[in-house]
Amino acid sequence: MTPRPRPASLLNFPPALRHRDFRLLWAGQAISIAGSRMQAAAILWQVYAITGSPLALGAVGLAHVLPLLAVSLFAGVAADVFDRRKLMLGTQTSMLLLVLLLGVLTLHGLQSAVPIYAISALVAVAWAFDAPARQALIPRLVPAHALAGAFSLNSTVFQLGSIVGPALFGLVIARTGVAAAYFINAASFLAVIGALLAMRPVPPAPAATERAPQVSVRAALEGLRFVRLQPIIFSSMLLDFFATFFGAATALLPMFAQDILKVGAAGYGWLYAAQAVGAAIIGVLLSLLPPLPHAGRVMLLAVGVYGLATIAFGLAPNFALAFGALAVAGAADMVSMVIRNTARNLLTPDALRGRMTSVNMVFFMGGPQLGELEAGAAAALLGAPAAVVTGGVGCLLALGWIAARYPQLRTYAGAPAQPAAAGAAQPVVASAD
């Protein structure tokens, strides 16, 4: 009998980082995400500087989500059909060139938000193909017992980048202007491209080679059917969508920084990073600990805390309390995210992971991006604080409905160590070195 791996303690190296190719990908993302989050902060700041309109801020989310909805299902099929590493090389290179173009346009005195929306939409298309390939690749790089830690580390590096990038943005804009943020992000894509080139080829799973799909509507619909018939996967996606739709406050941060809290560009950078601070602290702890017991109840509780923290942010009278409320929201969201990602990937066979991830992208990205549009419209009608508070209340109401509608979430104890579908292959991982 093969001995069970020992749970990691706080003093042990995270198990997922013992695998070379995962380390490469993780380190490359650590650099690239910081640049991408700097760009995200820069786009909102630049759009508000050009237009002065909360609706224009909300439209940034719309520019992201419409292309995503258009191509995401076929992007998931592509992740299941083509070599995921090579697919990522193409998407990362495309995003580098698009961001470089945005930097050049800004450097030459961009005075309209339209090119920003257009380039953001094209970047969203590339990202729609990148994300399923990356998420589906990770279970091939680490064994099943280390998968929860791998997704926690992946989420943590995103949060760390979300701290460093926006914080640096405040310094960059003060010294060199918005264009520099785009050039820095363009250069940061080279870190992931280099990591992908250095990785060893990842063979497809045996089950995937036996019944490899073709890029077709039928193959895309197969992913939809799979998700719909998996109550834990589907209900967790619904929960993610509604929580982030109602709890989306990021688009309004330029208004809070400039008009309400009056903390300027530097304060805006830290407000933008606040959720990531809380998420990164929790993420490090989760990457070192065994999977959480009573996973479903913990996830529901975490979403409740997220909604309450969103309300607290909307009511915060000063920068310190606003930062603290956002940090708590980020910590709660991280707990929910790690449980969701681990369950979905362990309950999904490798041959369907790309398509499952693409369906998840519609929920994961559609919620916050459409939520930004809703938040912008609500802020135009009610003011930014009231828009955030009502959003937090909506998050709690959605949580109650989903918990009642899907009792499986309340009793869910944790994903099994193997995918549910018959014949699903075990991860093939590089040696731990």
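Read-outs: derived from the displayed coordinates by stated rules, not from any lab. Note that the coordinates shown come from a computational prediction; the quantities given were computed from them, not determined experimentally. Counting neighbours? That spans all protein chains shown, and the Cβs are built from the backbone with ideal geometry, glycine included.
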Quiz item: Using the per-residue mean of other Cβ atoms lying within 10 Å as a proxy for protection, in what order, highest first, do the peptides 349-355, 222-228, 279-285, 159-165 fall?
Solution: 349-355, 159-165, 279-285, 222-228
Quiz item: Can you give the Rg to Rh ratio of the chain, both from alpha-carbon atoms, with Rh computed by the Kirkwood formula?
Solution: 0.95
Exercise. Towards the positive end of the charge dipole of the chain, with charges on Cβ (+1 Lys, Arg; -1 Asp, Glu), say which of 29, 273, 329 has the farthest Cα.
Key: 29
Practice problem: Would you mind pulling out the separation of the Cα centroids of segment 119-182 and segment 290-365, in Å? | Solution: 16
Quiz item: Over the chain, what relative contact order in percent results from Cα pairs under 8 Å that are six or more residues apart?
Solution: 30
Practice problem: Work out, step by step, the length gained on full extension between residue 301 and residue 404: first 0.36 nm times the residue separation, then minus their alpha carbon distance; give nm to one decimal. | Solution: 35.7 nm
